[in-house]
Amino acid sequence: MRLTTFFCFWLVSVMAVSEVVAQNDIYTWQRTRFSLGISAGQLTDNSWLGLEVSSPVRHRHFSLRLTGSVHWLEAYKTQRDRWGTFSILNPAVVIYTRVMDRSRWYIDLGPLFIIPQNKVSDKKLVSGISALAGIEVFILRTPNRGVGYHFNIGLNYANAYADRLDSDPRYSNGFIFCNGFRFYF
């Protein structure tokens with residue numbers, strides 16, 4: 001599922017590239033738009049799906065983003081032969097570089113709040129921190145909306161343990177890989 005998810009998003013994005021626009025035109029257009037996004041990825045050995053909402057870019061380089069995701073715990077599947085899940089809510093500050101052609105770099109920093117399923121952990125909420133670096137490529141733009149493909153990698157740190165499993169495996173800690181689409185309105 002890990003590589004399949006990545007290749008599906010990559011293939012759709014390559015096939016969807018339909019227009020070339022000027023650098024300044026994209027930057028002015030994108031700054032004034034809210035975005036909704038869908039994403040999928042890997043957090044260590046756990047797969048996940050997520051939704052996000054981002055504010056318009058302020059002061060030419062900053063925006064706020066709220067991401068929610070559902071993760072499937074591989075350690076639970078290994079021990080119990082069914083999936084255990086946990087959710088993450090991640091409010092973040094996003095810092096952008098200037099737009100170059102149809103792409104831009106960004107850093108996404110913020111706390112994360114983990115809500116484990118009761119069959120995974122006795123804790124109701126675990127907090128941590130997340131830092132991601134990524135690139136967004138604008139693949140479609142019209143006067144009222146647009147689509148961007150994003151790819152990012154980073155680190156999550158949280159003191160989260162699956163204490164209802166043997167050996168209390170750690171989760172939500174380590175490298176994170178994410179890709180998906182943002183829809184601008």
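Every number in this text was worked out from the coordinates using simple rules, so none of it is lab data. In this text, all values refer to a predicted model and were calculated from it rather than measured experimentally. We place every Cβ from the backbone using ideal geometry, glycine too, and count neighbours over all the protein chains shown.
List of remarks:
- Working ranking of peptides 49-60, 66-77 by packing, defined as the average number of other Cβ atoms within 10 Å per residue, highest first, is 66-77, 49-60.
- Per-residue Karplus couplings for the range 135-140, computed as 6.51 cos²θ - 1.76 cosθ + 1.60 with θ equal to phi - 60°, are listed in order as 10, 10, 10, 7, 9, 7 Hz, Gly and Pro entered as x.
- A simple spin-label model places the labels of D122 and F183 4.4 nm from each other, with each point 7 Å out along Cα-to-Cβ.
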